[in-house]
Amino acid sequence: MEISTEHAPAFPTILSQARRAGNLVFTSGTVPMKPGERTVSGTTIEEQTRLSIENLAHVLNAAGAGLPQVIKVTVYLTDMADYRAMNSVYKQHFKPPMPARTCVAVKELALPDMRIELDAVAELPG
């Protein structure tokens, strides 16, 4: 089942914002863009992390879940020097029990000013 919301950036010709399989929701990468816009928002890693997580929350809400139901996150950073600042914002949004997580450095993301992208797997309540 495809999940979509107008409250997060959408790219319907190339991907689903999320897909549901059984009681799991798998999100596509969420990025620091505002819905309906095609440019990166925020210049600092803190701003970009916050917006990416907010977009993730909107997609999960459309699926009937939320950040507390996230069981796995993958974070992609273009500069590992941003790791500590990203973690600072990340910890404001995710609470124990913390999701399992992988953080990897990538050479670049879809747009030149994009510093972070993240995707998640969540378990639907009930």
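In table form, for the structure just shown:
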item: For 113, 119, order by how many other beta-carbon atoms lie within 10 Å, fewest first; result: 113, 119
item: For segment 83-94, 3J(HN,Hα) per residue [Karplus equation, 6.51 cos²θ - 1.76 cosθ + 1.60, θ = phi - 60°, Hz, x = Gly/Pro]; result: 4, 5, 5, 4, 4, 4, 6, 3, 5, 6, 9, 10
item: Most fluctuating residue given options 22, 66, 42, as computed from a GNM of the chain linking Cα atoms under 10 Å; result: 22
item: Separation of alpha-carbon centers, segment 1-59 and segment 80-126, rounded to whole Å; result: 12 Å
item: 25 Å Cα-Cα reach of residue 95 towards lysines, excluding residues that sit fewer than 8 places from it in its own chain; result: 34, 72
item: Efficiency of FRET between residue 21 and residue 101 - r from beta-carbon atoms, R0 22 angstrom, step 0.05; result: 0.60
item: Structure-based [θ]222 nm, the chain - -39500 (n - 2.57) summed over DSSP H runs of at least 4, per residue, nearest 500; result: -8000 deg cm²/dmol
item: Environment charge at residue 68 (Cβ cut-off 12 Å; Lys +1, Arg +1, Asp -1, Glu -1); result: 0
item: Highest-fluctuation residue, 54, 46, 108 considered, GNM on the chain with Cα pairs under 10 Å; result: 108
item: Order of 88, 52 - criterion: other Cβ atoms within 10 Å of each residue's Cβ, fewest first; result: 88, 52
item: Which labelled figure in [x] 2, 9, 15, 15, 12, 10, 9, 8, 7, 7, 5, 2, 1, 0, 0; [y] 2, 7, 9, 8, 6, 6, 6, 6, 6, 9, 10, 10, 9, 4, 2, 1; [z] 2, 12, 23, 26, 20, 13, 4, 1, 0 is P(r) over Cα pairs in 5 Å bins from 0, in percent, once derived from the coordinates; result: [z]
item: GNM result for the chain, Cα springs below 10 Å: residue of 92, 17, 69 fluctuating most strongly; result: 92
item: Beta bridges by DSSP in the chain, antiparallel share as percent, to the nearest 5; result: 75 percent
item: Residue 80 paired with residue 111, simple spin-label distance in nm, labels 7 Å along Cα-to-beta-carbon; result: 2.7 nm
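Values in this text are rule-based calculations from the coordinates and carry no lab data. Values in this document were obtained by computation on a predicted structure and should not be read as measured data. No Cβ is skipped: glycine too gets one built from the backbone with ideal geometry, and neighbour counts run over all protein chains shown.
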